[in-house]
Every structure is written in structure tokens, then in C-alpha cells.
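For reference, the structure is listed below as C-alpha cells.
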Amino acid sequence: EGTEVAEYPVVQATLTTRYAKRATDFIQRNAKKPFFLYFAEAMPHKPLAASEKHYKKSGAGLYGDALADLDDSVGTVLDAVSRNGLDGKTLILFTSDNGAWFGGSCGGLRGMKGTNYEGGHRVPMIARWPGTIPAGHVSDQLAIMMDLFATVLHVTGAKMPDDRILDGRNILPLLTSTAPSPHPFIFAQKDSRLAAI
């Protein structure tokens, strides 16, 4: 809670549900004014854990159980957005910072988290903004995590900082049309060295 330790040791099995509760409480408290919610789930990161509701019930092991909790969490947040009449006013971006680890799937791509192959870097993203992003729209153009910053600035009308060079670009056109990637190349770094282009 701020700078105070809320719980130690952490009960991993309840984190996903508690995070969702905190996120929905935040949405409820800020529903009448503009807000930005960065909601980073711990699961399905190691150590894996799942709530009693999903533990040993997915049929896909503990990884699948943790994903079932995550699915509930996302649904809870989407319900809070809808319940507060914010659907057409809210851009929701759902993605991962790296490819899957053991237990997950990289969708047929070579490699996984921690590798320099596509399976380590290339991840899907789901974007939702009813009335702005067409339902069912798909783009296979490449983007990078830093693009989310530039896109949020664009969507909110905030000014891009001009005192530094930013790697990110506004990718709203990728989400709403057949626009090409704003990047001629995507670079991957491993520690302090260039690992892939």
C-alpha cells in the first residue's frame, strides 16, 4: 500500500483476483473523469498459482489454471468499464512483454521467452475501443511496446515530449485500418547488445 508492505509472504493464488478487484475499484472511483490504468498481472509468471475456483480444473495443468484466472480478471475489468458506461470512451490494450515460457504456446513460432527467435519477442495484442476500432479487425504489422506510450499520448491529445528521441510511434492506424507499420525495422536487444533485427 504505497510504501508499506501489504502482505508477506505473498499468497500467490489470490493475486489475480485481488489485482482485478483493485483495478475495478480504481475504474469505479475515476469513472467520471479521464483516467489511465496500467494493469500488469503477475500471472502466468513463475511461480505459477491459481485460485481455488480454477485450481486443477482447466485440464491444461497449472499454467492453464492460471490463465483461467487471468481470463476471469480481464472479464471483471471489461465488465467494470461497461457497467460505468465507458465502452466508447476507453481504449483497452492487452498484450504480453515476451513470448510464452514452459507451459505456454508461442503459436508455432520458433523459440520462447528469453530467446532471440520470434517466439521470444513476437506476441499478439488485442485492442478494444468500440466505435473507433472496428470489431474483428486484424493487422499483422509489427509494432513495439514503446508504441503504446506514443499511441496513448496521441489518443488523449497529450503532447509528445520534444526534449528526447522516442522509439515509439502512434499505432492507432494499425488498429483501425490496413496501414503499414511505422517501423522499417524492429530491433531486439539482449542485455546491452543488439540481438536480432
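A few notes on this one:
- The set of residues in region 58-92 being within 26 Å of VAL152 (Cβ to Cβ), without any contact (Cβ under 8 Å) to a residue 40 or more places away in the chain and among the small types (Gly, Ala, Ser) consists of GLY75, SER82.
- Leading residue by the ranking (nearest to VAL152 (Cα to Cα)) among those in region 97-127 that are in contact with a Ser or Thr (Cβ under 8 Å, 6 or more places away or on another chain) and surrounded by 14 or more Cβ atoms within 10 Å (Cβ to Cβ): MET125
- Filtered residues of region 110-143 (kept if under 15 Å from ALA195 (Cα atoms) and of a type outside the set (Lys, Arg)): GLY111, MET112, GLY114, THR115, ASN116, TYR117, GLU118, GLY119, GLY120, HIS121
- Per the listing THR24, THR16, the residue uniquely of a type in the set (Val, Ile, Thr), under 23 Å from MET112 (Cβ atoms) and not in a loop (DSSP other than H, G, I, E, B) is THR16.
- If the condition is being surrounded by 14 or more Cβ atoms within 10 Å (Cβ to Cβ) and on the phi > 0 side of the Ramachandran plot, then region 62-90 contributes no residue at all.
- Test: residue in region 126-135 that is polar (S, T, N, Q) and under 25 Å from ASP191 (Cβ atoms): no
A quick yes/no check of all residues on (1) surrounded by fewer than 11 Cβ atoms within 10 Å (Cβ to Cβ); (2) touching a strand residue (DSSP E or B) at 6+ places or on another chain (Cβ under 9 Å); (3) of a type in the set (Phe, Trp, Tyr):
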{"residue": "TYR19", "(1), (2), (3)": "no, no, yes"}
{"residue": "PHE26", "(1), (2), (3)": "no, no, yes"}
{"residue": "ARG29", "(1), (2), (3)": "yes, no, no"}
{"residue": "LYS32", "(1), (2), (3)": "yes, no, no"}
{"residue": "ALA40", "(1), (2), (3)": "yes, no, no"}
{"residue": "ALA49", "(1), (2), (3)": "no, no, no"}
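- Per this entry, ALA135 is not counted among residues that are buried (at least 16 other Cβ atoms within 10 Å of the Cβ), modelled with pLDDT of 95 or more, over 15 Å from the mean Cα position of the chain (by Cα) and not polar (S, T, N, Q).
The values are calculated or read from the model by the stated rules, or taken from the named source; none is laboratory data. From a predicted model like this one, the values you see are computed outputs, not experimental measurements. All Cβ positions, even for glycine, are placed from backbone atoms using ideal geometry, and neighbour counts span all protein chains on display.
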